[in-house]
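Notes for the one structure printed next.
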Amino acid sequence: MAGSRAQASLGVGRVHRARLFWQSTVGKKIVMSVTGLIMVGFVLLHMIGNLQLFESAARLNAYSHFLHHTINELLWLVRIVLLVSVVLHIVAAAQLTRIDRAARPVGYRKQDRQAATVASRSMRWGGVAIALFVIFHLLHLTTGTIQPVPYAPGDVYANVVGGFRVWWVTLIYVLAMIALGLHIFHGAWSSIRTLGVSRPRPEPTRRPVATLLAVVLWAGFSIVPLAVFFGWVR
Amino acid sequence: MKFTLHVWRQAGPTAAGAFSTYEATDISGDMSFLEMMDAVNESLIERGEQPVAFDHDCREGICGMCGMMINGIAHGPMRATATCQLFMRHFTDGDAIYIEPWRARAFPVIKDLVVDRSAFDRVIAAGGYITAPTGGARDANTILVSKSDADDAMDAAACIGCGACVAACPNGSASLFAGAKIAHLGVLPQGQAERRQRVLRMIAQMDEEAFGGCTWHGECHEACPKAISLDVIARMNGDYLRALWTTHEEKQEQGAG
Ligand code: SF4
Ligand code: FES
């Protein structure tokens, strides 16, 4: 009988409860929300850090030195938290995608979307694109494995200004930031609701905070490669 | 008015289905969508063919039996309107109309446009009730309920269980339905005693029935004939989180009843 598992599964111990949480679609969504918000917090700080480029080369390199030497342990802690978040976010997303696809084995001949946005519909592929971009970005500016121009360890300013003179590098970054903006436009809004926080609104999709966040992050990140590419920063 | 209907025909749960095309002629704009289907069925019966099977009961938008995917929109183009309350004057003379059953693994097709929605019944049976004996009708003010709570409960209780939310959801999720059922009891004092178990059980049952998860497209709200707010889903999630951290071992489980 279909009801029996749901009933029996409520004899809850702590471990059992954690398993139930992870097994449920709502639990997985909550994991995605929390990890997503952690990553939003990180990218916001990252963006603010980047913008020091516009002050001076010395300022940006000093900031990098501060991160890598002065608070090195903290940096590693943040990296570990981010890595765990990324893994959980992706695993939950992949599993939910499978569950959601399986929920409609036979599709419609005609389906006319009424409310879904470009952002909400591109969450899955957009997420994959962002993940691929992050790998590229780490290989490009963190490890210097991909060297469109010679990589100078420690000289962040030179690497940034050198790197973004290359048109295809700038293009990849600019496109990725569109994907990031869309992902956050939907994700920042929906994750709060997945955590059960929503002020009842007559218009279900009014989202001033998420919109602002998405625009600020998109613009704040995109401005750096664009400024270098067009020679505003040398 | 005249319409060309492309209707999903399927002889039984395991039979392969296909679209058949029918002309609906002499349709008045004052006919409801179901009355138009009745007219088509009459002509099918006259020709000795099987009429198109579709669900309906009250035909006044309150029972939740009717529902079909009309040109790709659950319950058709009018917002907050069940199929039985949709009138043909909202279509243009000569329109081609695709008519499909709700599509979800949890809602298997029984015949033509009729699907088995008993998965919803099992979600409700898992926790969409209160077990307190309610006795006779009380004086109106013995249990105080604030106006805004009463409004929220009424808005959520308007759900007629039609399944359009699942049908419209790209993920085949039943979150709007379950959220409505959880909210309408959860905001009232009478629903508090079982509030935590309710949300855990109903969500577990929802997953068990192979509905998908919510990704906040908002399609369900647009399709819902009662315009149930997306807020009920946020409420369900919040209740779930709270219940998970605070529910104790259910000692009464074996003893009850
Ligand atoms: S929430 Fe709306 S669409 Fe879903 S079953 Fe209830 S009335 Fe129908
Ligand atoms: S037939 Fe009852 S709601 Fe449409």
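Can you give me the accessible area per residue for chain A, using a 1.4 Å probe, in Å²?
Accessible area per residue, chain A: 55 Å².
Any idea what log10 I(q)/I(0) is at q = 0.14, 0.15, 0.27, 0.32 Å⁻¹ for the range A:172-214, Debye with uniform C-alpha scatterers and no solvent?
Debye intensities relative to I(0), on a log10 scale: -0.36, -0.40, -0.93, -1.12.
What number does chain A give for Rg over Rh if you use C-alpha atoms and the Kirkwood radius?
Ratio of gyration radius to Kirkwood radius for chain A: 1.04.
Can you tell me the Rg and the Dmax, both Å, for the Cα atoms in the range B:117-246?
14.5, 45
Mind putting together the pair-distance distribution for the range A:9-130? All Cα pairs, 10 Å bins, whole percent per bin, short to long.
P(r) for the range A:9-130, in whole percents per bin: 10, 28, 27, 20, 11, 4, 0.
Between B:K2 and B:R138, how many nm apart are label points set 7 Å from Cα along the C-beta direction?
Between B:K2 and B:R138, the simple spin-label model gives 6.3 nm.
Relative to the Cα centre, what is the charge dipole magnitude of the protein assembly as shown, using +1 at the beta carbon of each Lys and Arg, -1 at the beta carbon of each Asp and Glu, and rounding to the nearest 20 debye?
1720 debye
Cα axis of helix B:33-46 to longest principal axis of chain B: angle in degrees, 0 to 90, nearest 10?
50 degrees
Need the list of lysines near A:K110 for cross-linking: C-alpha distance under 29 angstrom, and skip anything on the same chain fewer than eight residues off.
A:K29, B:K2, B:K111, B:K226
If amide H atoms are built 1.01 Å from N in the plane of the peptide, which residues on other chains or at least 5 residues away come under 5 Å of the amide H of A:G196?
B:G238
Suppose we keep just the alpha-carbon trace of the range B:3-111; what are its Rg and Dmax in angstrom?
Over the range B:3-111's Cα set, Rg and Dmax evaluate to 13.4, 37 Å.
Under 10 Å, Cα contacts only: if you run a Gaussian network model on chain A, which one of A:A18, A:A179, A:A158 comes out with the highest mean-square fluctuation?
Result for chain A, Cα springs under 10 Å: A:A18 fluctuates most.
Residue-wise, which Karplus ³J(HN,Hα) couplings in Hz belong to the range A:221-230, taking 6.51 cos²θ - 1.76 cosθ + 1.60, θ = phi - 60°, and x for glycine or proline?
7, 5, 4, 5, x, 5, 4, 5, 4, 8
What net charge do the residues around A:V233 carry, taking every other residue with its C-beta under 14 Å from that of A:V233, with Lys and Arg at +1 and Asp and Glu at -1?
+2
Ratio of alpha-carbon Rg to the 2.2 N^0.38 Å globular estimate for chain B, to two decimals, please.
Rounded to two decimals, the normalised Rg is 1.13.
For the range A:121-126, take each phi angle, set θ = phi - 60°, evaluate the Karplus expression 6.51 cos²θ - 1.76 cosθ + 1.60, and give the result in whole Hz per residue in order, putting x for glycine and proline.
These are the phi-based 3J(HN,Hα) values: 7, 9, 4, 6, 5, x Hz.
For B:I73, list long-range residues whose amide hydrogen, built 1.01 Å from N in the peptide plane, is under 5 Å from its own amide hydrogen.
HN-HN under 5 Å from B:I73: A:D112.
If you roll a 1.4 Å probe over the heavy atoms of the protein chains, what accessible area per residue do you get for chain B, in Å²?
Result: 43 Å² per residue.
Give me the percent of accessible area attributable to carbon and sulfur for the range B:6-65, probe 1.4 angstrom.
Answer for the range B:6-65: carbon and sulfur cover 48 percent of the accessible area.
Chain pair B, A: how much accessible area is buried, both chains summed, with a 1.4 Å probe, in Å² to 100?
By this definition, chains B and A bury close to 4500 Å².
What whole number of Å gives the distance from the Cα centroid of the range A:201-234 to the Cα centroid of the range A:48-104?
So the two Cα centres are separated by 18 Å.
Mind listing the phi-derived Karplus ³J(HN,Hα) values for the range A:47-57, rounded to whole Hz, using 6.51, -1.76 and 1.60 with θ = phi - 60°, and x for any glycine or proline?
Result, ordered by residue: 5, 4, x, 4, 5, 5, 3, 6, 7, 6, 4 Hz.
Quick one: with all protein chains in place, what share of the accessible area of the range B:99-257 is carbon or sulfur, to the nearest percent (1.4 Å probe)?
Carbon-and-sulfur percentage of accessible area, whole number: 55.
Given that compact globular proteins tend to follow 2.2 N^0.38 Å, what is the ratio of the alpha-carbon Rg of the protein assembly as shown to that value?
That works out to 1.16 for the protein assembly as shown.
I'd like the GluC sites (Glu not before Pro) in the range B:20-89 restricted to DSSP loop residues with at most 14 other Cβ atoms within 10 Å, sorted by number.
B:E49, B:E60
For chain B, what does the helix formula give at 222 nm: sum of -39500 (n - 2.57) over DSSP H segments with n ≥ 4, over the residue count, nearest 500 deg cm²/dmol?
The per-residue figure over chain B is -10000 deg cm²/dmol.
Distances longer than 15 Å among the Cα atoms of the range A:9-51: what percent of all pairs is that?
Everything past 15 Å amounts to 57 percent.
Starting from the amide H of B:F19, placed 1.01 Å from N in the peptide plane, find each other amide H under 5 Å away whose residue is 5 or more places distant or on another chain.
Amide H neighbours of B:F19: B:R9.
The values are calculated or read from the model by the stated rules, or taken from the named source; none is laboratory data. All figures in this text were calculated on a predicted structure; none of them were measured in a lab. All Cβ positions, even for glycine, are placed from backbone atoms using ideal geometry, and neighbour counts span all protein chains on display. Heavy atoms of the whole protein, side chains included, go into the accessibility calculation; ligands, DNA and RNA do not. Shrake-Rupley method; radii C 1.70, N 1.55, O 1.52, S 1.80 Å.
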